[in-house]
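Let me begin by presenting the structure, written as structure tokens, before commenting on it.
The values are calculated or read from the model by the stated rules, or taken from the named source; none is laboratory data. Nothing here was measured: the structure is a model prediction, and the numbers come from that model. Cβ placement follows ideal geometry from the backbone for every residue including glycine, while neighbour counts extend to all protein chains displayed.
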Amino acid sequence: MKKCLVTGGCGFIGSNYIRYVLEKEDDLHIVNLDKLTYAGNRHNLDGIPETFHTFVEGDICDPELVKTLFNEHQFDTIVHFAAESHVDRSIEGPAEFIQTNVLGTLNLLEQSRLHFQHSNNDNFRFLHISTDEVYGSLGDHGKFLETTPYDPSSPYSASKAGSDHLVRSWNRTFGLPTLITNCSNNYGSYQFPEKLIPLMIINCLHGKPLPVYGQGENVRDWLYVRDHCEAIHTVLTSGTVGETYNIGGNNEIRNIDVVTTICDLLNEISPSENGSSYADLITYVKDRPGHDFRYAIDAGKIQNNLGWSPKESFETGIRKTIHWYLDNQDWWRAIQDNTYRQERLGVI
């Protein structure tokens, strides 16, 4: 049976990936290493059988723990999700982002290198999950290519850029079989409520203001998380060692249009008790410092070389997402009661 180390598997994308792979692989066992920070939630994996998944609570920055896991399990693949990921939090406290995203990745790379050198496993792969934010900000035109120069704007994106460079250099210097994916904005089930889409859905249901940064003109390319998981698995199983693949949803949308779409769908699916439109709750707030204007992914490489393209449009994906949050209110209410108070972070 193949062994895969998934880091950050109790987070948003990591837990969705584990659920996706459970449906696709019958000869795989996943060891999930997660620190269970505020955004890690073991309930994200409720129902996953122990025969498929072993959970280990711990820090990717802990060299002895990671070494022990490699020695015990002799991993065939590493899928590295674990990261501090919220831009506002990186403005508030950048040191933690450097520690986890840069030094944690360094630790995993070193343990992977030592393991690979002694394993004689030519099928070993280290897949690093990254972000389109490493490329910086676009104007009104153009899209990010895998060859776009890095130009990070926030401590978060700088830390991810640093980890990307480390992964690439461990391939070129030490011959470690690495792969990198840079994705656009994800959305879907199990996303922590500080992010734009779940925050707007939950605030609508509570009748609370919908805070939109600036005038809501910033543009993002939105990728449904299950499409992303399919792309990750495609790269892991079919990608060329040493290559980077951009993963996008082909859904460029202004933030304000994302919010109004959510309001319109909720007006239809779950109307407010007082009969007013949820759009009446939209409130414009002070913009984020260094807020990148536009991200857009050119995913032609993964489509042309590996045959992957997203299945969900934003219209279909956001409807599924809204229904998930309506059907799983116990999940997000527990987070609001215990972890997240919707405090605004990163305001200078």
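Within segment 231-254, residues that are touching a residue at least 60 places away in the same chain (Cβ under 8 Å) and within 20 Å of R220 (Cα to Cα) have Cβ atoms under 6 Å from residues that are among the β-branched types (V, I, T) and crowded, with 18+ Cβ neighbours inside 10 Å in these pairs: A231/I247; Y245/T181; Y245/V235; Y245/I302; N246/I297; I247/T181; G248/I297, counting only partners at least 6 apart in sequence or on another chain.
Among the criteria (1) closer than 25 Å to S119 by Cβ; (2) of a type outside the set (A, V, I, L, M); (3) part of a helix (DSSP H, G or I), the one S157 does not fulfil is (1).
The residues in segment 247-280 that are modelled with pLDDT under 95 and touching a Cys at 6+ places or on another chain (Cβ under 7 Å) can be counted, and the count is 0. Among the residues of segment 304-318, write down those that are charged (D, E, K, R) and in contact with a helix residue (DSSP H, G or I) (Cβ under 6 Å, 6 or more places away or on another chain). Once the filter is applied, which keeps residues that are charged (D, E, K, R) and in contact with a helix residue (DSSP H, G or I) (Cβ under 6 Å, 6 or more places away or on another chain), segment 304-318 yields K311, E312.
Taking segment 66-90 as the range and being surrounded by fewer than 17 Cβ atoms within 10 Å (Cβ to Cβ) and either in contact with a Pro (Cβ under 8 Å, 6 or more places away or on another chain) or free of Cβ contacts under 8 Å to residues at least 12 places away in the same chain (or both) as the test, the residues that pass are T68, N71, E72. Here K195 clears all of (1) within 14 Å of the chain's Cα centre (by Cα); (2) surrounded by fewer than 18 Cβ atoms within 10 Å (Cβ to Cβ); (3) over 23 Å from F97 (Cβ atoms) except the condition numbered (3).
Listed here are the residues, each with its yes/no results for (1) touching a Phe, Trp or Tyr at 6+ places or on another chain (Cβ under 7 Å); (2) closer than 20 Å to I247 by Cβ; (3) surrounded by 21 or more Cβ atoms within 10 Å (Cβ to Cβ); (4) among the charged types (D, E, K, R).
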| residue | (1), (2), (3), (4) |
| --- | --- |
| E64 | no, no, no, yes |
| E92 | no, no, no, yes |
| L109 | yes, no, yes, no |
| F116 | yes, no, yes, no |
| F124 | yes, no, no, no |
| S137 | yes, yes, no, no |
| D140 | no, no, no, yes |
| T147 | no, yes, no, no |
| Y150 | yes, yes, no, no |
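Considering only residues in segment 164-180 that are outside any helix (DSSP H, G or I), of a type outside the set (A, V, I, L, M) and touching a residue at least 60 places away in the same chain (Cβ under 8 Å), the one that is surrounded by the most Cβ atoms within 10 Å (Cβ to Cβ) turns out to be T178.
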